[in-house]
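The structure under discussion appears below in the form of structure tokens.
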Amino acid sequence: MIYPLILTLHLFAALIFIGTVFFEVLFLESIRKQLPARVMLLVEQGIGRRARTLMPWVLLVLFGAGLGMVWLRYLPALASPLSSSFGTLLALKIAVAVSVLLHFLGAMFLFKSGRMSPRYLHFIHGSLFCHMIVIVLLAKGMFYLTW
Ligand code: HEM
């Protein structure tokens with residue numbers, strides 16, 4: 001019974017994280033052209049503040065639940081990742097997830113040190129957007145692709 005619970009937590013945390021990244025890229029970037037720069041700055045500061053308080057918890061649940069699922073069910077698959085298509089895709093998914101975490105920590109560092117610029121933010125959003133597409137394809141592909 002514990003496994004489905006952890007999986008549900010993982011799924012909810014994933015949808016909040018993926019939803020936020022998609023919102024920032026698909027909505028915010030296009031709204032930018034319609035609003036005065038000063039208003040946009042205030043909107044981005046508000047969203048940034050909210051993201052910086054909420055996202056660490058979302059990532060904690062996402063990674064905690066992910067590790068929990070691996071511990072409960074997938075340690076054998078990860079022990080020799082190249083010996084099954086599932087193990088390979090799960091290992092890749094975890095590697096992409098670690099890269100997502102590094103992006104997040106990098107962004108937090110840039111914000112805290114006052115070095116975050118619109119150019120960095122644009123790059124981080126775009127890169128995270130690509131990571132999210134790959135991670136969802138891997139998360140589903142590991143159950144449906146076999147070789
Ligand atoms: C940015 C980070 C992550 C995102 C966005 C993400 C997203 C997802 C999604 C969308 C699924 C499919 C769930 C479903 O359809 O039921 C999934 C499954 C899974 N994830 Fe993650 N994940 C992330 C990080 C991790 C990490 C760090 C681990 C392990 C250390 C992990 C382990 C798993 C496992 C084992 C499954 C398969 C669960 C199952 O159906 O049995 N994930 N993930």
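Nothing in this text is a laboratory measurement; each read-out follows from the coordinates by a stated rule. None of the values given here were measured: they were computed from a predicted structure. Cβ: placed from backbone, ideal geometry, glycine included. Neighbour counts: every protein chain shown.
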Check your understanding: Does Ala107 fit the bill of being closer than 26 Å to Pro118 by Cβ and within 16 Å of the ligand (Cβ to nearest atom)?
Key -> yes
Checking Lys93, Lys140 in turn, the sole residue that is under 21 Å from Val61 (Cβ atoms), charged (D, E, K, R) and surrounded by 14 or more Cβ atoms within 10 Å (Cβ to Cβ) turns out to be Lys93
Next item on the list: Restrict the check to segment 114-136 and report whether at least one residue is part of a helix (DSSP H, G or I), over 18 Å from Thr20 (Cα atoms) and not aliphatic (A, V, I, L, M).
Entry: yes
Scanning segment 60-86 for residues that are in contact with a Phe, Trp or Tyr (Cβ under 8 Å, 6 or more places away or on another chain) and small (Gly, Ala, Ser), the one nearest to His10 (Cα to Cα) turns out to be Ala77
Any residue at all in segment 60-74 that's within 22 Å of Lys112 (Cβ to Cβ), free of Cβ contacts under 8 Å to residues at least 12 places away in the same chain and within 19 Å of the chain's Cα centre (by Cα)?
yes
Note on Phe22: of the conditions (1) more than 19 Å from Leu137 (Cα to Cα); (2) part of a helix (DSSP H, G or I), unmet is (1)
Residues in segment 87-126 that are of a type in the set (Ser, Thr, Tyr) and either touching a Phe, Trp or Tyr at 6+ places or on another chain (Cβ under 6 Å) or in contact (Cβ under 8 Å) with a residue 24 or more places away in the chain (or both) total 1
Here the residues within segment 110-147 that are farther than 22 Å from Glu44 by Cβ and either aromatic (Phe, Trp, Tyr) or away from the ligand (no atom under 13 Å from the Cβ) (or both) are Phe143, Tyr144, Leu145, Thr146, Trp147
Flagged in segment 1-34 as over 18 Å from the mean Cα position of the chain (by Cα) and more than 11 Å from the ligand (Cβ to nearest atom), in numbering order, are Met1, Ile2, Leu5, Glu29, Ser30, Ile31, Arg32, Lys33, Gln34
